[in-house]
Amino acid sequence: MVCITQEFLDPLKTAIGFGLLACISAFIWAPLLIKILYKLKITRRSEYDATLNIEERKSKAGVPVMGGLLIIITVAVITMLGNWERKYTYVPIGVMLLSALLGGIDDILHVYGHERRNRKLSQVFTLIRIHKEWKMRLWYIITLPWSLYKRTAVLLSRHPGRGVHVHEKLLLQFVAGAITAWWVYFKLGENWRNISIPFDGFINIGWWIMPLIVLFVMFTANAVNVADGMDGLAGGSLLITFAALTILSWILGYQEIAILNSTVVGALIAYTYFNVKPASFQMGDVGSLGLGALLAINAIVINEMILLPLFGFIFYMELISVIIQIVGRTLFGRRVFKMAPVHYHFELRGWSEEKTVMRFWIIHAAVVLLGLWVALY
Amino acid sequence: MISTLSKNALDVINNYIHLPIPDHEVVCPYYNNRRSNIRAGLRSMIGKGTPTDIAEEVAIIALREKQDIKKMNNNSLKEFLVNNKLGIDCSGFYYHVMDAELHAQGLGSIREHLKFPFIKNPLRKLLTIFRPVEHAGVRTLSHEKNAVDIKISEVAPGDMITMINTGANHNFNHLLLIHAVDGEKNAPKTIHYTHSFSWSGDGPYGHGIKQGEIKITDLNKGILDQIWTEKGKTGAYNETYRHAQMSLEIKIKRLRALAQVS
């Protein structure tokens, strides 16, 4: 018979306690947040969101966004008050807040900003040729690489609307990832540079940890962002992921991370309660980018970077479906999915929102379970 | 005796004539990307899509533009298609119908049989693997590497009537797909054709897939000396025939894949 010692159980008890605290706190101030969001008219608009024209989704116009603040603020405050530890929780909370800030700016610009557009490259070339001011012509020549980057980024999203444009978002996420990578490599210990290889052991990847952090933080944050399109989808899936990460970090002995993950789980329970269909609010970029970055960094802290695609399966699948759609469109001239990300494809095929969300949860839970199993070897 | 294309190929033609959009009867419009010159676009948006591609794109664009297809009548839906540059050009139409025909005959995809002799750039050549229909224009389809000349007496379903350098300025090419032939072997009486085209009298929204026939009056004469009828019009009133007359080169061609079988 396996005997679990009290010493081993104590961190779990603490973690669950923090989770409960986060859950209760979030439940208490959620109605206030909803009221504020309505008052500030931070709601979902249909001008730049074609999916709101799907018959079943029309009711989503006018629903508050930035509901992710509920999780971000609850987690940040509780962690800073009760689990503030330089080696383990500075970085995850810092990354989460940086990404959430970027997402928040995007959400606010969607409401209060004005429409901006990108010049096509051909227009830039024309300006280089015909602009009456030689200084401006020179300026357009000097900034040509930037124009090229901007147009390339448009491939990823053709309808930037009022918010932060894709090229700006990618650049800011890169900066956030780079700051994190620098902090991790130069300020924290050797442990952060290890990666667990399933069924094998650990390898120290040295400075390679820096580009990998940037890559995973950017990719995962955007993946969660992409998955946040249906009521309950991102919230429920994140709940499953962070619950698994809580168990894993507890078993692996990362007490602070277990507490942090459990706090997120608690806040997510309250969030998902309000977010299931018909949602009282939606996560918005503030929540999805923040939690996506937090997910990536938490997996990195416990050395399970390799298993991130399993722990964040549904998010990765959603982002990959967008990439496949772009490749299919530009290379083959065809849509692979009726609409990307893939949850819209199923909705357009006649699946109800509830059916899509629940099936995605179930698939996600199964893959996360697999990830948990692999991580223990 | 009438010989026709296979059922699969006829189904494709039928789907272009009645686009698979529920509760609507709409003929696929004519659209040629030459004027817009859209690069790297969806094939349904550059005149090269299948009927299904076009119907799906209609649904997606309607969603984006907050239009309710169910509330549109056939005319407004056709206008919607044209205004959103959805349609098919003559070679795209021929490509998809013949793809179905070759599949039905067990010859595989048309892509496997096509060569692209006008493409020299290696990168562009690579692109033909991914986007064959976009690169299969009239000149490519009728090139000697892809097709052989056919006498009028040998004409069969699947053959094409190609018009090179046609129009008032001899600046575009066109082709007709022969979908049925009436008559005995080596003695055709009537050629039935389908094509995607726009007559000047069609107005902005009347164009699209059309069908016509050519009555063979004398096998010893050329194709231009037979009686062409389309939309009940013959002679100079038949704009397709006028274009055939204006073309610098008009031929009946058969894909090599089919020529080898026959």
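The values are calculated or read from the model by the stated rules, or taken from the named source; none is laboratory data. Just so we're clear, the structure is a prediction, and the values are computed from it rather than from any experiment. Cβ placement follows ideal geometry from the backbone for every residue including glycine, while neighbour counts extend to all protein chains displayed. The area values use the complete protein model at the heavy-atom level, side chains included, leaving out ligands, DNA and RNA. Shrake-Rupley method; radii C 1.70, N 1.55, O 1.52, S 1.80 Å.
For the reader, a short list of remarks on this structure follows.
- The single condition among (1) without any contact (Cβ under 8 Å) to a residue 40 or more places away in the chain; (2) over 30 Å from B:Ile38 (Cβ atoms); (3) in a loop (DSSP other than H, G, I, E, B); (4) not β-branched (Val, Ile, Thr) that A:Asn303 does not meet is (1).
- Considered as a group, the residues in segment A:298-315 that are under 24 Å from A:Asp200 (Cβ atoms) and under 14 Å from the mean Cα position of the chain (by Cα) include one that is surrounded by the fewest Cβ atoms within 10 Å (Cβ to Cβ), and that residue is A:Pro309.
Residues checked against (1) open to solvent by 30 Å² or more (accessible area, probe 1.4 Å); (2) under 24 Å from B:Arg256 (Cα atoms); (3) assigned to a strand (DSSP E or B):
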site	(1), (2), (3)
B:Arg111	yes, yes, no
B:Ile119	no, yes, no
B:Arg124	yes, yes, no
B:Asn165	yes, yes, yes
B:Leu176	no, yes, yes
B:Asp182	yes, yes, yes
B:Thr217	yes, no, no
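- Residues of segment A:125-160 classified as under 27 Å from A:Ile323 (Cα atoms) and either of a type in the set (Val, Ile, Thr) or in a helix (DSSP H, G or I) (or both), total: 11
- The residues of segment B:247-262 that are open to solvent by less than 80 Å² (accessible area, probe 1.4 Å) and more than 19 Å from the chain's Cα centre (by Cα) amount to a single one, B:Ala259.
- Complete set of residues in segment B:25-46 that are in contact with a Leu (Cβ under 9 Å, 6 or more places away or on another chain), within 11 Å of chain A (Cβ to nearest Cβ) and either buried (at least 23 other Cβ atoms within 10 Å of the Cβ) or within 19 Å of B:Asn15 (Cβ to Cβ) (or both): B:Ser44, B:Met45
- Selection status of B:Pro157, within 22 Å of B:Leu258 (Cα to Cα) and either free of Cβ contacts under 8 Å to residues at least 60 places away in the same chain or open to solvent by less than 10 Å² (accessible area, probe 1.4 Å) (or both): no
- Taken as a whole, segment B:228-235 holds no residue that is buried (at least 19 other Cβ atoms within 10 Å of the Cβ) and not in a strand (DSSP E or B).
- Within segment A:67-109, the set of residues being in a helix (DSSP H, G or I) and open to solvent by 50 Å² or more (accessible area, probe 1.4 Å) comprises A:Ile73, A:Val77, A:Met80, A:Leu81, A:Tyr90, A:Leu97, A:Leu98, A:Leu101, A:Ile105, A:Ile108, A:Leu109.
- Residue match in segment A:287-297 (condition: part of a loop (DSSP other than H, G, I, E, B), away from every other protein chain (no Cβ under 14 Å) and crowded, with 20+ Cβ neighbours inside 10 Å): no
- Contact map, segment B:126-138: first residue more than 11 Å from every other protein chain (Cβ to nearest Cβ), second residue surrounded by fewer than 18 Cβ atoms within 10 Å (Cβ to Cβ), Cβ cut-off under 8 Å, separation 6 or more or different chains; pairs are B:Thr128/B:Ile119; B:Val138/B:Ile164.
- Answer from B:Ala40, B:Ala100, B:Ala55 - the residue that is more than 20 Å from the chain's Cα centre (by Cα) and small (Gly, Ala, Ser): B:Ala40
- Selected residue (criterion: nearest to the chain's Cα centre (by Cα)) from residues of segment A:1-16 that are touching a residue at least 40 places away in the same chain (Cβ under 8 Å) and more than 15 Å from A:Leu252 (Cβ to Cβ): A:Ile16
- Residue in segment A:316-323 that is within 14 Å of chain B (Cβ to nearest Cβ) and open to solvent by 50 Å² or more (accessible area, probe 1.4 Å) present: no
- Some residue of segment A:248-268 being of a type in the set (Phe, Trp, Tyr) and farther than 18 Å from A:Met283 by Cα: yes
- Residue in segment B:78-88 that is open to solvent by less than 40 Å² (accessible area, probe 1.4 Å), within 14 Å of chain A (Cβ to nearest Cβ), on the phi < 0 side of the Ramachandran plot and in contact with a strand residue (DSSP E or B) (Cβ under 7 Å, 6 or more places away or on another chain) present: yes
- Total residues in segment A:336-360, condition open to solvent by 60 Å² or more (accessible area, probe 1.4 Å) and in contact with a Gly (Cβ under 6 Å, 6 or more places away or on another chain): 1
- Qualifying residue in segment A:135-158 (condition: touching a Ser or Thr at 6+ places or on another chain (Cβ under 9 Å) and not aliphatic (A, V, I, L, M)): yes
- For beta carbons closer than 9 Å, sequence separation of 6+ or different chains, a first residue in segment B:54-74 that is more than 9 Å from chain A (Cβ to nearest Cβ) and a second that is small (Gly, Ala, Ser) and open to solvent by 30 Å² or more (accessible area, probe 1.4 Å), the qualifying pairs are B:Ile69/B:Ala59.
- Residue satisfying all of: in segment B:184-200; aromatic (Phe, Trp, Tyr) and assigned to a strand (DSSP E or B); farthest from B:Gly137 (Cα to Cα) among these: B:Tyr193
- Being of a type in the set (Asp, Glu) and more than 25 Å from B:Lys185 (Cβ to Cβ) is a description that applies to B:Glu134.
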